[in-house]
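Enquirer: To start, I am sharing the structure in question, which I have written as C-alpha cells.
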Amino acid sequence: MIYYLSLGSNTGDRRFYMREALDFLGCIGQIKRVSSLYSTSPVGMPAGTGMFLNQAVILDSPEEPGDLLIKVKEFERRMGRDPENSHYTDRTIDIDILMAGNLIINSKRLTIPHPEMTRRAFVLVPLVEIAPDLSHPIFGKSLSLLLFELSSSERIKKAGL
C-alpha cells in the first residue's frame, strides 16, 4: 500500500531524529519520495516552543494501516516520545499517517485521511512538493488546490543543510 506520511521534530538533534525516522521507515517499506526539510512555526503549541523540522514521505509498505500505526508509535516511544501524552508538547519525533492510498478509515485508533492535514501548511507544503496532483479522497481536490485554498499565518521555509 502507498502511504503518505508527515514527519516532525522540534527538540534535541532534530535532524538526527528525522534521519532515524527515515531509516526506520526504510525497514518497514520502500521509500518512494522524500520532501525537503522545512523549518516551521509550532502550531497550537505553548509560547516559547521551538521551531519544527517537517518533512513528507511517500512509503510503499505491505503493512496494513493499523499495523503501521502500531509500529510508528513504538518507534516514537523508542525515540523518547510518549505518543499518548504528548499532544501539543515538544517531541523528538512525530510520524503521522496522512493518507493510505484512497482508503477512508474512521476508527477510534486511526482516522485516514488525517483530519487536520488540510488545515496545516506545515503538512501540505512538504506533501505538495512530492505529490502535488494527489487527490484527497474525501474532498476530491488535489493537494495543490487544497494548499492554495488554505489561509494560514504559519511560517514555513526550506531548511538549509
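Enquirer: How many residues does segment 131-161 contain that are within 23 Å of Met51 (Cβ to Cβ) and either under 13 Å from the mean Cα position of the chain (by Cα) or part of a loop (DSSP other than H, G, I, E, B) (or both)?
Expert: Adding up the residues that qualify gives 9.
Enquirer: Being of a type in the set (Gly, Ala, Ser) and in a strand (DSSP E or B) is the filter here, so list the residues in segment 14-50 that pass it. Break it down stepwise before answering.
Expert: Taking segment 14-50 as the starting set, the residues that turn out to be of a type in the set (Gly, Ala, Ser) are 21, 26, 29, 35-36, 39, 41, 44, 47-48, 50.
Answer for segment 14-50, where residues must be of a type in the set (Gly, Ala, Ser) and in a strand (DSSP E or B): just Ser39.
Enquirer: A further question on this structure: Looking at Asp13, Asp60, Asp82, which one is under 30 Å from Lys108 (Cβ atoms), among the acidic types (Asp, Glu) and modelled with pLDDT of 90 or more?
Expert: Numbers: Asp13 fails: under 30 Å from Lys108 (Cβ atoms); Asp82 fails: modelled with pLDDT of 90 or more.
The conditions single out Asp60.
Enquirer: If you don't mind, there's one more thing I want to ask. With the requirement that a residue be β-branched (Val, Ile, Thr) and either over 21 Å from Ile112 (Cα atoms) or exposed (fewer than 14 other Cβ atoms within 10 Å of the Cβ) (or both), what does segment 43-69 give you? It would help to see each step written out before you state the result.
Expert: Of segment 43-69, the ones β-branched (Val, Ile, Thr) are 43, 49, 57-58.
Of everything in segment 43-69, just one residue is β-branched (Val, Ile, Thr) and either over 21 Å from Ile112 (Cα atoms) or exposed (fewer than 14 other Cβ atoms within 10 Å of the Cβ) (or both), namely Thr49.
Enquirer: Sticking with this one: Within segment 22-45, can you find the residues that are closer than 13 Å to Asn10 by Cα and not hydrophobic (A, V, I, L, M, F, W, C)?
Expert: Scanning segment 22-45 gives Tyr38, Ser39, Thr40, Ser41, Pro42.
Enquirer: Out of Asp82, Asp67, Asp96, which single residue is over 21 Å from Ser41 (Cβ atoms) and not in a helix (DSSP H, G or I)? Give the steps one after another, and end with the answer.
Expert: Numbers: Asp67 fails: not in a helix (DSSP H, G or I); Asp96 fails: over 21 Å from Ser41 (Cβ atoms).
After ruling out the rest, the residue left standing is Asp82.
Enquirer: Is it true that Pro126 is modelled with pLDDT of 95 or more, within 16 Å of the chain's Cα centre (by Cα) and within 25 Å of Met45 (Cβ to Cβ)? First the steps, then the outcome.
Expert: Working: modelled with pLDDT of 95 or more: yes; within 16 Å of the chain's Cα centre (by Cα): yes; within 25 Å of Met45 (Cβ to Cβ): yes.
Here the answer is yes, as Pro126 does meet what is asked.
The values are calculated or read from the model by the stated rules, or taken from the named source; none is laboratory data. Keep in mind that this is a model prediction, so the values were computed, not measured. When we count neighbours, we look across all protein chains shown, and the Cβ atoms used for this are built from the backbone with ideal geometry, even at glycine.
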